[in-house]
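What follows is calculated from the coordinates using simple rules that are stated; it is not laboratory data. Values in this document were obtained by computation on a predicted structure and should not be read as measured data. Don't worry about glycine lacking a Cβ; one is built from the backbone with ideal geometry, like all the others, and counts go over all protein chains shown.
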Amino acid sequence: MSKLALIIKREYLAKVRNKSFVIMTFLSPILMVGMVVLIAYLTEVNDNETRIITILNESKYFSTDFNSTEGTSYIILRDLSLEEAKDSTARTGFYGLLHIPDKNTLQEVAGSANFYSKDAPNTGVLDKMEIVFQERLRQHKLLELGVSSEEFAEIDYRFEINTETYEGQQNLKGINEIKAFIGGGFGYLIMMFIIIYGGFVMRSVIEEKTSRIIEVIISSVKPFQLMMGKIIGTSLAGLTQFAIWIVSASLLLFVISSFLGIDPTGIQNAGIMPGDAVSGMAAMSPPSDSMQ
């Protein structure tokens, strides 16, 4: 076996046999999958919760536009001031208060509407209320133009162009976005890999410079061979750790989601992506330090 191969083997075994390396290699996926499942579970529970929204409508519009759905229930408040409506909604613990003031035109009424809540409201709830305003404004504009809703529905036709390669491959929509996501994800992982395991190489060199081992090694191999051996050995240890993370995290996520019936895609609604989870595991892994 060549001297370079011996150095690579020594560096690799020193890293993978380190107790902190072994512990974090198997503990990190458990912690990260647990966090992902917890966030998905809380997101799912939050989505299934019925939100009660009070409406203080002081205008002559939107009296019948807000209809309760499975996830959102509306309660109409009457004969109350805005401050009284705020206090009543906050005291009863309802999700929020939608205030529709009295203005001259429908456009002014819609533009002056405000939603009051204790915390930042869910974007999905706001989107549903905004759709109600947009639909009413659209219908009002159509009536001004002399077009009924039925007539508009007949001409409101959605059209999508079919895509196909020269070879006949279809369903190409979204392929570029998927490629960009995959490329960005792998680029992010490469950056994290270089930062973390580059630091490992630096620590390994610093530690050996403080010991007598480096004097023996330098006397028998070239400095270039020593550095290449450390870089390659540490890189192989890092690839091993990443491979174990990906396989074990995927298996754990599949098993847990199957048994608990939790949809892991719920993590996207919370802003956590798979690349963030992997980088989180990388950040949790401590430096693998001294060579045994």
Original post:
Over the Cα atoms of region 1-99, how large are the radius of gyration and the largest Cα-Cα distance (Dmax), in Å?
Top reply: 29.0, 90
Original post:
Do you know the relative contact order of region 1-127, to the nearest whole percent, from alpha carbon pairs under 8 angstrom that are 6+ apart?
Top reply: 20 percent
Subject >> Computed magnitude of the charge dipole of region 15-137 (debye, nearest 20; Cβ of K, R +1, Cβ of D, E -1) >> reply: 860 debye
Subject >> Cross-link partners of LYS222 among lysines (Cα-Cα below 19 Å; sequence separation of 8 or more within a chain) >> reply: LYS3, LYS9, LYS209, LYS230
Original post:
By how many nm would the segment from SER63 to GLN139 grow when fully extended, if each residue of separation counts as 0.36 nm and the alpha-carbon distance is taken off?
Top reply: 25.9 nm
Subject >> Residue-by-residue Karplus 3J(HN,Hα) for region 102-117, coefficients 6.51, -1.76, 1.60, Hz, glycine and proline x >> reply: 8, 10, 6, 10, 4, 4, 5, 5, 5, x, 9, 5, 10, 10, 10, 8
**OP:** Only Lys, Arg, Asp and Glu count, each charged at its Cβ (+1, +1, -1, -1), so figure out the dipole size of region 68-143 about its Cα centre, rounded to 20 debye.
**Re:** 180 debye
